Amino acid sequence: MRPGRVVIINDRSAEIGGASNLSCLAARLLREAGVPVTFFAGDEPVRTAQPETVHVNGKPLVERGRFSAFAGGLYNRNAYSALSGWIARHDRPSTIYHVHGWSKILSPSIFRALAPVRERVVLHAHDYFLACPNGGFINYPAASICGLDPMSLRCLATQCDKRGFHQKAWRSTRHLLMQRFSALQRQPANIVLVHEGMRRFFNRAGIDDSRMVTIRNPVAPFLPSGARPQEKCDFFFIGRLEPEKGFEDAARAAHLAGVPLHVIGEGAGRALLEARYPQVTLHGWCDRAQIAGLIGNARCVVISSRVPEPFGLAALEAVGSGIPVVLPSHALLGGELTEAGAAFTFPTGGIEALAATLRRLADDDDLISAMSENALQCAPQLSNTTESWLAALLALYAGILDRVIRGRAPGRGRANHRTEITAGRAVGTRGNAPGANAFGHAASQSNEAD
């Protein structure tokens, strides 16, 4: 059954990166397909906002005063009132509610507002905030992946937050409210994963996975045709300059390996790079056209994030351009890319191992050439096109509405069948096996974050 309307819910109504870009892309594609869309956004109206948008007129927590952010981040009363009011006035049995982002403005209050229509709500897991209080399964002070069960006593007693234990306590309180209003541990929910590897993290949080599906993001390569990286010498890091992204790991490894490193991205770490690594070329934030103009000179793209990135957009944009990548062993895409011969992995935080890999790639043109060919061959299987992504969303919505209308309740507990929706059909998958999809148009900018 085709939805009568889709209500897309996100903190921001403009394309500023990450989940915001994908939520805006979904709205545009659905409208073009003839599906009515209402965009429910936490922010104020902006020039580039979506048409037919309901604005809460809020500001991101980082732009608010301490008390306002503390209280509003836990429970945004305006968001609850606006969303519950819209549902009371406009909801129909064929309406789907698709939540993309809620942690920066909207708060857990939206889950309370959505409770009456819960069976028709889709939660898109662009990150781990549905499962982990700090959203990343990472111990920021230790710069390491966290192995604790979320919200366990050991978790609650561990200072893992980047801003201190007071922030950890606040995030844990917010997570408790989200759990209370969403009931993810008690009832199945329609959750979209962007990579099947995310499932094990959600399982650790005790979230019922019987309605989880995997729909990989749409990705476009940096370059319209394959590069010739074996003829180039520059290595590139693309991403925000924040500690968890491992930008300094890339700089240190490049220095040890004696290879030139270019950095595309902006953030608080820029000053550190300028002071400690003057040999690194900093390009700052770049749009897609600017990235395309630079990345043609890349021999390899270095992904050195210290967090378990759910998807890895920059890696796939590079691979789709025929550019080899080096990425951490914990990266969800790592196994697939190394098996395809398009990438090497290194132990997370292993500077010497990363440096050795960079040195090897710098010295072997034949290896780079082979990896480039492998990258172009494997890329179409690792993501969706915009067309197949839209088809997958519509297939998901149809399945939800059919189940609700027919009154069929799914079995409780852990599912024995994992689902990955690709090209508009649901297929059983094992492990991380992707659907066969080609690259489509750009969904987001890889050096920008939501």
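The values are calculated or read from the model by the stated rules, or taken from the named source; none is laboratory data. If you're wondering where the values come from, they're calculated on a predicted model, not measured in any experiment. Cβ placement follows ideal geometry from the backbone for every residue including glycine, while neighbour counts extend to all protein chains displayed.
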- One residue from G265, G246, G197 being out of contact with any Asp or Glu (no Cβ under 7 Å at 6 or more places or on another chain), buried (at least 19 other Cβ atoms within 10 Å of the Cβ) and not assigned by TED's automatic domain parsing to the domain that holds G335: G197
- Message: Condition first: of a type in the set (G, A, S), within 17 Å of H255 (Cα to Cα), modelled with pLDDT of 95 or more and under 28 Å from the mean Cα position of the chain (by Cα). Now tell me which residues in the stretch 335-374 satisfy that.
- Response: A353, A355
- Can you tell me which residue within the stretch 132-147, out of those that are touching a strand residue (DSSP E or B) at 6+ places or on another chain (Cβ under 8 Å) and either assigned to a strand (DSSP E or B) or of a type in the set (G, A, S) (or both), is nearest to G17 (Cα to Cα)? I138
- Consider T214 against the criteria (1) of a type in the set (S, T, N, Q); (2) surrounded by fewer than 21 Cβ atoms within 10 Å (Cβ to Cβ); (3) within 18 Å of the chain's Cα centre (by Cα): it satisfies all of them except one. Which criterion is unmet? (2)
- Note on the structure: Checked the stretch 1-13 for anything in contact with a helix residue (DSSP H, G or I) (Cβ under 6 Å, 6 or more places away or on another chain) and either β-branched (V, I, T) or in a helix (DSSP H, G or I) (or both); matches are V6, I8
- Query: Of these, R186, R92, R77, R112, which one is surrounded by fewer than 21 Cβ atoms within 10 Å (Cβ to Cβ), free of Cβ contacts under 8 Å to residues at least 24 places away in the same chain and charged (D, E, K, R)?
  - Reply: R186
- Item | Odd one out for I291 among (1) over 30 Å from A391 (Cβ atoms); (2) more than 19 Å from the chain's Cα centre (by Cα) | (1)
- When you go through (1) out of contact with any helix residue (DSSP H, G or I) (no Cβ under 7 Å at 6 or more places or on another chain); (2) surrounded by 15 or more Cβ atoms within 10 Å (Cβ to Cβ); (3) in a helix (DSSP H, G or I) one by one for L272, which number turns out not to apply? (1)
- Item | Every residue from the stretch 139-159 that is of a type in the set (A, V, I, L, M, F, W, C) and modelled with pLDDT under 95 | A142, A143, I145, C146
- Item | Selected residue (criterion: farthest from E196 (Cα to Cα)) from residues of the stretch 300-353 that are part of a helix (DSSP H, G or I) and not aliphatic (A, V, I, L, M) | E352
- Item | Number of the condition not met by A220 [criteria: (1) among the hydrophobic types (A, V, I, L, M, F, W, C); (2) modelled with pLDDT of 95 or more; (3) assigned to a loop (DSSP other than H, G, I, E, B)] | (2)
- Query: When you go through (1) under 30 Å from V122 (Cα atoms); (2) over 19 Å from the mean Cα position of the chain (by Cα); (3) of a type outside the set (K, R); (4) surrounded by fewer than 20 Cβ atoms within 10 Å (Cβ to Cβ) one by one for Q381, which number turns out not to apply?
  - Reply: (2)
